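Peer 1: One structure, as C-alpha cells, below. Some questions next.
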Amino acid sequence: MHGLGELEAAVMDVLWRAPEAMKVRDVLDGLDTGKQLAYTTVLTVLDNLHRKGWVQRELEGKAYRYEPMTSRAEAAANAVRELVNASGDPDGVLLHFARSASERETELLRKALPRKPRRK
C-alpha cells in the first residue's frame with residue numbers, strides 16, 4: 001500500500017482481514033513474513049501506524065486492541081488519488097483511465113457516480 005513500509009503493509013493486511021480489533025500478540029501470530037519477528041517489533045510498527053493515522057487503538061486491561069481507521073478499499077482509493085494528484089496532469093490521467101477502462105470498470109464507475117438531472 002502506498003505510503004507504508006513492507007512490514008507496515010503486512011500488519012495492515014492482518015488487521016484488514018480480521019473481523020475485530022486485535023492485540024499485538026494476535027497480529028504477531030497472524031503475520032506471515034517469512035521472518036521471525038519479536039513482539040516489540042510488531043508493537044513498534046502498530047504504534048507507528050497509530051501515530052500515522054492508519055490504525056486506532058483502545059485500551060483493554062493492560063493492552064491495546066488495534067483496528068484499521070479505513071477499509072482496504074478506502075486506503076487504496078486514497079493512494080490512487082495521491083498518485084493522480086502527484087502526476088502533474090490529473091485531468092489527463094483520469095481521462096486516460098476512463099478511456100482505457102474495461103467494460104466491468106466502466107459499469108462500476110457508472111453505478112458509483114451520482115446522476116445529475118438533465119436541464120431542459
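The values are calculated or read from the model by the stated rules, or taken from the named source; none is laboratory data. This structure is a prediction, so every number in the text was calculated from the model and none was measured. Quick reminder, even Gly has a Cβ in these numbers, built from the backbone with ideal geometry, and neighbours come from all protein chains shown.
Peer 1: Restrict the check to the stretch 90-107 and report whether at least one residue is outside any strand (DSSP E or B), among the aromatic types (F, W, Y) and not assigned by TED's automatic domain parsing to the domain that holds V14.
Peer 2: yes
Peer 1: Say we look at the stretch 62-89 and pick out the residues that are part of a helix (DSSP H, G or I) and of a type in the set (S, T, N, Q); which of these is surrounded by the most Cβ atoms within 10 Å (Cβ to Cβ)? Spell out the reasoning first.
Peer 2: Taking the stretch 62-89 and keeping what is part of a helix (DSSP H, G or I), we get 72-86.
Right, trim to of a type in the set (S, T, N, Q) and you get 78, 85.
On the way: N78: 14, N85: 10.
So the residue we want is N78.
Peer 1: Which residues, taken from the stretch 1-20, are part of a helix (DSSP H, G or I) and within 16 Å of S71 (Cβ to Cβ)?
Peer 2: Those that are part of a helix (DSSP H, G or I) and within 16 Å of S71 (Cβ to Cβ): A9, V11, M12, D13, V14, L15, W16, R17.
Peer 1: Can you name every residue in the stretch 21-58 that is among the small types (G, A, S) and either in contact with a Leu (Cβ under 9 Å, 6 or more places away or on another chain) or assigned to a strand (DSSP E or B) (or both)?
Peer 2: A21, G30, A38, listed by residue number.
Peer 1: Name every residue in the stretch 79-120 that is in contact with a Ser or Thr (Cβ under 9 Å, 6 or more places away or on another chain) and modelled with pLDDT of 90 or more, in order of residue number. Full working, then the answer.
Peer 2: Restricting attention to the stretch 79-120, the residues satisfying the condition of being in contact with a Ser or Thr (Cβ under 9 Å, 6 or more places away or on another chain) are 93, 98.
Passing the criteria: only V93.
Peer 1: Filter the stretch 38-48 for residues that are more than 14 Å from L15 (Cβ to Cβ) and in contact (Cβ under 8 Å) with a residue 24 or more places away in the chain and give the result.
Peer 2: T41
Peer 1: Six or more apart or on different chains, Cβ under 7 Å: which pairs go from a residue in the stretch 3-28 that's in contact (Cβ under 8 Å) with a residue 12 or more places away in the chain and assigned by TED's automatic domain parsing to the domain that holds V80 to one that's assigned to a helix (DSSP H, G or I) and among the aromatic types (F, W, Y)? Could you list them?
Peer 2: Filtered contacts from the stretch 3-28: no entries.
Peer 1: Considering only residues that are closer than 17 Å to A10 by Cα and polar (S, T, N, Q), which ones fall in the stretch 49-92?
Peer 2: Result: Q56, T70, S71.
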